[in-house]
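The values are calculated or read from the model by the stated rules, or taken from the named source; none is laboratory data. For clarity, every value in this text was computed on a predicted model and none was experimentally measured. Cβ sites come from the backbone with ideal geometry, for glycine too, and all protein chains shown count toward neighbours. Surface areas here come from the heavy atoms of the whole protein model, side chains and all, with no ligands, DNA or RNA. Shrake-Rupley method; radii C 1.70, N 1.55, O 1.52, S 1.80 Å.
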Amino acid sequence: QLGVRGTPELEPISGTFYGEVDPTHISYEVVRRAGEDPAVEVRLPKESPEGTYEMWAGLLQGDAASPTVRFRRQVERYTWSQGKGSFTVQIRVPPGTSKRDVALEFTPDGSGLSLSFDSDPDFGQFQGKFWGRIAQADSAWFLEPGPQGEPATFELVLAKKDPPSSSQGGCWWPGLMREEAAAL
């Protein structure tokens, strides 16, 4: 349950969540964004089966439906988007990058990857464990050249292996790598 009391002008927010949360890791802070009134930002870690991320229809039962999971995001090294059955990653790489420059290996069980580009030593080694497992045979990658002198785009399309986890819309990941959870 969540209960927030504000000033007399604000109605309290209370109710029952759509799913389970980890009460030991709930946090909140008052945020002030330019041009907006202060707001309370509450972080509620959802509890769901290992390797999945349950999608809720809203925050509180009885609320109007609005998914509480990100479908796309840009992080420092890449941009990602997802659907129920796939997760797509786009990485900018230097002009002239070819398929021979790509070093990509998946873990044998489809739970993670190791990626680097010979054409971009500054990118370094990118490795970690996914939020779920993938079907390697159904996953693919592409190189899209950019306009003359512009960076190319490496696109990795991962086929999610785990079946949808709930009746609320499928197997959703909060991000690509578990190690990046602090940035979410």
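A few remarks follow.
- Residue that is modelled with the lowest pLDDT [pool: residues in segment 13-64 that are aliphatic (A, V, I, L, M) and part of a strand (DSSP E or B)]: 13
- Enumeration of residues in segment 69-113 that are in a loop (DSSP other than H, G, I, E, B), of a type in the set (Ser, Thr, Tyr) and surrounded by 14 or more Cβ atoms within 10 Å (Cβ to Cβ): 78, 97, 107, 111
- Within segment 99-120, the set of residues being under 12 Å from residue 151 (Cα atoms) and polar (S, T, N, Q) comprises 119 only.
- Taking segment 65-102 as the range and being modelled with pLDDT of 80 or more and of a type in the set (Ser, Thr, Tyr) as the test, the residues that pass are 78, 79, 81, 86, 88, 97, 98.
- Within segment 114-126, being of a type outside the set (Phe, Trp, Tyr), open to solvent by less than 40 Å² (accessible area, probe 1.4 Å) and under 18 Å from residue 179 (Cα atoms) holds for 114, 115, 116, 124.
- For segment 114-123, the count of residues that are out of contact with any Phe, Trp or Tyr (no Cβ under 6 Å at 6 or more places or on another chain), small (Gly, Ala, Ser), over 18 Å from residue 77 (Cβ atoms) and in a loop (DSSP other than H, G, I, E, B) is zero.
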